[in-house]
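Working notes, structure below.
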Amino acid sequence: MARRITLSFLKTEAASGVILGFAALLAVVLANSPWSTQYFAFITHPFTLQIGDFHETESTLKWVKDGLMAVFFFFVGLEIKFEILRGELSNPRRLALPIVAALGGMIAPALIYLAFNLGAHGAPAGWPTPVATDIAFALAVLAIAAPNLTPSLRTFLLTLAIVDDLGAVGLIAVLFTDQLHIWNLVGAASAIAIMALMSRWRTAPYVFYAVLFVIAWGFTLKSGVNTSIVGVAAAMTIPIEPRRTGQVGMLKYFADSLHPYVAFLILPAFAFVAAGFSFRGLSLHDVFSPVTLGVALGLFLGKQIGVFGAASLAIGVKLARRPTGAKWIDIYGVSLLCGIGFTMSLYIGALAFGPDAAQSQVRLGVVAGSLVSALAGLAVLTWSQGRVVPEED
């Protein structure tokens, strides 16, 4: 009986968020404990991956970021493809609101960040850091705060976050690709092309897709292009239709199979290696630095202003309709949850600043902005539960 309850708990979004939060908290605690030396030695420890002629030496943090997170982006790509073909993104009228809200939620945080960092001591190159939303964390807080909320609002948040993350992947491709190695890029593209051709082979073994994905990832790692791109590109080749009547489609099979590993292993592992920062040596200058304030306020103020403002404008001019059964206060609460950047913001921040000393400021800003956004969204949505739903616009 206990095993059944545990498994049921681990399938909930709330459980995923709890584990993710615990991993981040553990990282911060260890980074400021007597074991801080061991923690930082672990995340910076280099080790070599060798498969045949392929060999690469990177730190633990880099392997998690470029290796495990490629699987996360593959999973996100599967969600994006499903939503485009079968879900909310397939309906233009329902698609308008989350797209407009997502654009507002990317532009406003970037502008707030730049407002603090265009001066002499700022770091304007870090402006993409607060533009993304952590899907897992935001949905987890929504599940805790408002378990009985109208499903359309959850779909609105999910679709908005997917569009948001798609934009973030685009920014990563454009802004964080340095020197290209053309032949490695050709190798990665060839593996993806073979995966696309295999979609016509309806009985192709699933393991073929896995092997080709690993090959494409290996070439991409050497090409100079961020590995998040190969994750999304590979996902787009996975067929959505089932092979036979009554069977589960390959896309759903991969999504269902990967979900527990992404939610309960990959994202917590990344949070553990990326969220840890030491309070030792942090001064008031670090706390109130342009980078820290730009990231924290970009997430907390920028997201709610951008998402709620853009959504209100789209509804006001009749470009889109309010989600069925949703109150304005609910939409505002969801807008606050969009400020939970966390894993995505830590990921982009690591790309934008590299091993720069400003990493502690980035992590402080991401954790502070995400935490305040989560608490504010939790409070607003919890308070809204007892209110009467007004008539639909």
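The values are calculated or read from the model by the stated rules, or taken from the named source; none is laboratory data. Note that the structure is predicted; figures quoted are calculated from it, not measured. Neighbour counts run over all protein chains shown; Cβ positions are idealised from the backbone, glycine included.
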Query raised in the report: When only residues in the stretch 176-219 that are out of contact with any strand residue (DSSP E or B) (no Cβ under 9 Å at 6 or more places or on another chain) and in contact (Cβ under 8 Å) with a residue 60 or more places away in the chain count, which is farthest from Leu68 (Cα to Cα)?
Result: Phe176
Query raised in the report: What pairs can you find where one residue is in the stretch 154-166 and closer than 17 Å to Pro128 by Cβ, the other is crowded, with 19+ Cβ neighbours inside 10 Å and of a type in the set (S, T, N, Q), and their Cβ atoms are less than 8 Å apart, with a gap of 6+ or different chains?
Result: Ala161/Thr133; Asp164/Thr133; Asp165/Thr133
Query raised in the report: Just a yes or no: is a residue in the stretch 197-207 among the β-branched types (Val, Ile, Thr), out of contact with any Phe, Trp or Tyr (no Cβ under 7 Å at 6 or more places or on another chain) and surrounded by fewer than 20 Cβ atoms within 10 Å (Cβ to Cβ)?
Result: yes
Requested in this report: Take Ile194 and decide whether it is surrounded by fewer than 18 Cβ atoms within 10 Å (Cβ to Cβ) and outside any helix (DSSP H, G or I).
Outcome: no
Query raised in the report: Which residue out of Leu180, Leu166 is hydrophobic (A, V, I, L, M, F, W, C), part of a loop (DSSP other than H, G, I, E, B) and under 21 Å from Gly224 (Cα atoms)?
Result: Leu180
Report task. Give the residue, chosen from Leu85, Leu61, Leu103, Leu78, that is at pLDDT 80 or above, within 25 Å of Ile172 (Cβ to Cβ), surrounded by fewer than 13 Cβ atoms within 10 Å (Cβ to Cβ) and out of contact with any Lys or Arg (no Cβ under 8 Å at 6 or more places or on another chain). Result -> Leu85
Requested in this report: Output the residue which, of all residues in the stretch 298-320 that are more than 26 Å from the chain's Cα centre (by Cα) and in a loop (DSSP other than H, G, I, E, B), is modelled with the highest pLDDT.
Outcome: Val317
**Report entry** Residue that is surrounded by the most Cβ atoms within 10 Å (Cβ to Cβ), among those in the stretch 224-242 that are part of a loop (DSSP other than H, G, I, E, B) and modelled with pLDDT under 90
**Finding:** Asn226
Requested in this report: Taking the residues in the stretch 105-147 that are hydrophobic (A, V, I, L, M, F, W, C) and outside any helix (DSSP H, G or I) as candidates, determine which candidate is farthest from Val362 (Cα to Cα).
Outcome: Ala146
**Report entry** Subset of the stretch 301-357 that is surrounded by fewer than 19 Cβ atoms within 10 Å (Cβ to Cβ) and small (Gly, Ala, Ser) - its residue that is nearest to Asp66 (Cα to Cα)
**Finding:** Gly354
Query raised in the report: How many of the residues making up the stretch 340-358 are at pLDDT below 85 and of a type in the set (Val, Ile, Thr)?
Result: 1
